[in-house]
1. Please determine, by comparing only the residues of region 248-290 that are in contact with a Gly (Cβ under 9 Å, 6 or more places away or on another chain) and more than 24 Å from ASP51 (Cα to Cα), which one is surrounded by the most Cβ atoms within 10 Å (Cβ to Cβ).
2. From the list ALA300, ALA272, pick out the single residue that is at pLDDT below 95 and among the hydrophobic types (A, V, I, L, M, F, W, C).
3. For region 315-364, name all the residues that are farther than 21 Å from VAL175 by Cβ and of a type in the set (Asp, Glu).
4. Quickly run through region 79-92 and pick out the residues that are over 16 Å from ARG9 (Cβ atoms) and either crowded, with 23+ Cβ neighbours inside 10 Å or of a type outside the set (A, V, I, L, M, F, W, C) (or both).
5. Output the residues belonging to region 1-39 that are free of Cβ contacts under 8 Å to residues at least 60 places away in the same chain and among the hydrophobic types (A, V, I, L, M, F, W, C).
6. Among the residues of region 351-377, which ones are surrounded by 20 or more Cβ atoms within 10 Å (Cβ to Cβ) and farther than 15 Å from ALA300 by Cα?
7. Mind checking whether some residue in region 126-147 is closer than 20 Å to GLY294 by Cβ, out of contact with any Lys or Arg (no Cβ under 8 Å at 6 or more places or on another chain) and not in a helix (DSSP H, G or I)?
8. For region 247-361, list the helices (runs of 4 or more DSSP H) that sit wholly inside it and hold at least 3 residues that are free of Cβ contacts under 8 Å to residues at least 40 places away in the same chain; which are they?
Amino acid sequence: MEIGFDAKRLFNNFTGLGNYSRFVVQALLEFERNENLILFSPKTAKRDHPDVKPIATAPQVQIVTPPAIYRWTKTTSLWRSFGIGGSKEASQLDVFHGLSQELPSGLPSRVKKVVTVHDLIFLRFPELYSRIDARIYTHKVAKACKDADVVVAISQQTARDVMSFLGTAESKISVIYQGTHPQFTTSVTREQIVSTRKKWKLPEDYVLTVGTVEPRKNMVTAVRALAKMLPDVRPALVIVGRETAYKQTVAKEAETLGVSDQVIFLHNVPFADLPSLYQGATLFVYPSLFEGFGIPIVEALQSGVPVVTSTGSCFSEAGGSGALYADPADADELASKMQDVLTQPSLRTRMINEGKEHVRKFTPQMIAADLMKVYSS
């Protein structure tokens with residue numbers, strides 16, 4: 001089978017959508033070795049990146065970039081949207097998979113089209129986006145879902161949103177969960193944990209949360225919960241993620257509640273440091289208001305760290321029965337759940353064991369098999 005992919009994010013993005021794209025292609029390369037994979041990307045300058053090179057050099061992979069005219073006129077984005085469909089390589093495909101919520105126009109009618117939808121947060125929370133960005137994102141995903149033969153949703157929550165916001169038929173949607181970067185499934189040494197902790201000047205006992213410091217992540221509630229915990233139990237709260245103006249709101253709340261010395265912000269953390277930060281944590285807390293999936297929850301579970309997260313949305317899909325759940329608007333409930341984990345060793349052990357069992361459903365082998373069922377159908 002000849003399977004094409006929109007690989008822009010695979011080659012050029014090293015966070016969410018890029019990680020997902022590489023995970024999918026790498027899983028297929030490892031467990032479905034008889035398929036030919038064609039990667040379409042407007043630029044591939046980072047093909048020697050250690051996360052990209054094993055994919056780019058695989059014998060089953062062909063890389064397709066824009067003809068010279070697009071590069072000379074600096075219109076490679078137009079090629080991605082309108083030029084791929086008319087290319088010689090596209091005419092040979094059996095399936096084309098848009099990995100990041102969009103599909104190119106003009107693909108041959110014989111080519112089956114699949115698109116992955118990660119979330120529709122720009123429709124649920126439009127106030128978090130500029131009006132023009134929200135319109136562009138909405139147009140692209142709506143068109144892709146209309147044109148696709150199959151829509152892959154990364155969670156049941158996203159599937160419900162695709163049906164509700166875009167009117168896509170349930171019969172057209174397949175839920176296939178996403179996995180995490182391989183580095184989260186590997187145990188780091190105690191020495192690595194200590195070294196990373198010293199590098200970032202962290203205490204030995206800390207609660208971790210990971211994600212862009214923005215209102216939707218609801219880190220103010222985590223700070224309020226921290227302040228409500230008993231002083232002799234209260235750990236430091238380490239917030240890892242890209243900084244936005246919301247950081248000042250979080251910092252001000254910590255100062256008002258008298259816990260600013262126990263709230264630590266880390267920005268621009270190298271990806272390579274994350275496994276040590278996760279595995280060195282006593283607890284992972286994720287009080288987000290809404291997610292398409294919540295990949296940091298899975299990263300924490302794979303790291304052997306107990307998780308307390310939010311009720312509602314997709315959180316139980318990511319966290320499973322091993323996590324604890326609290327109303328994201330209720331700091332008292334969140335504090336109580338956090339304190340239970342920190343003071344009850346048997347509960348902590350059970351959560352870790354159940355979490356490790358739960359994340360088995362996010363293995364590359366299972367996800368590759370599920371995708372091949374979609375492609376073959």
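The values are calculated or read from the model by the stated rules, or taken from the named source; none is laboratory data. For clarity, every value in this text was computed on a predicted model and none was experimentally measured. Glycine also receives a Cβ, built like all others from the backbone with ideal geometry; neighbour counts cover every protein chain displayed.
1. Taking the candidates together, the pick is TYR286.
2. After ruling out the rest, the residue left standing is ALA272.
3. ASP327, ASP330, ASP332, GLU333, ASP340, GLU354 - these are the residues of region 315-364 that are farther than 21 Å from VAL175 by Cβ and of a type in the set (Asp, Glu).
4. Hits for region 79-92 are GLY83, GLY85, GLY86, SER87, LYS88, GLU89, SER91, GLN92.
5. PHE11, VAL25, LEU29, LEU37, ILE38, LEU39
6. If the condition is that a residue be surrounded by 20 or more Cβ atoms within 10 Å (Cβ to Cβ) and farther than 15 Å from ALA300 by Cα, then ILE367, ALA368, LEU371 are the ones that fit.
7. yes
8. 315-319, 331-343, 345-358
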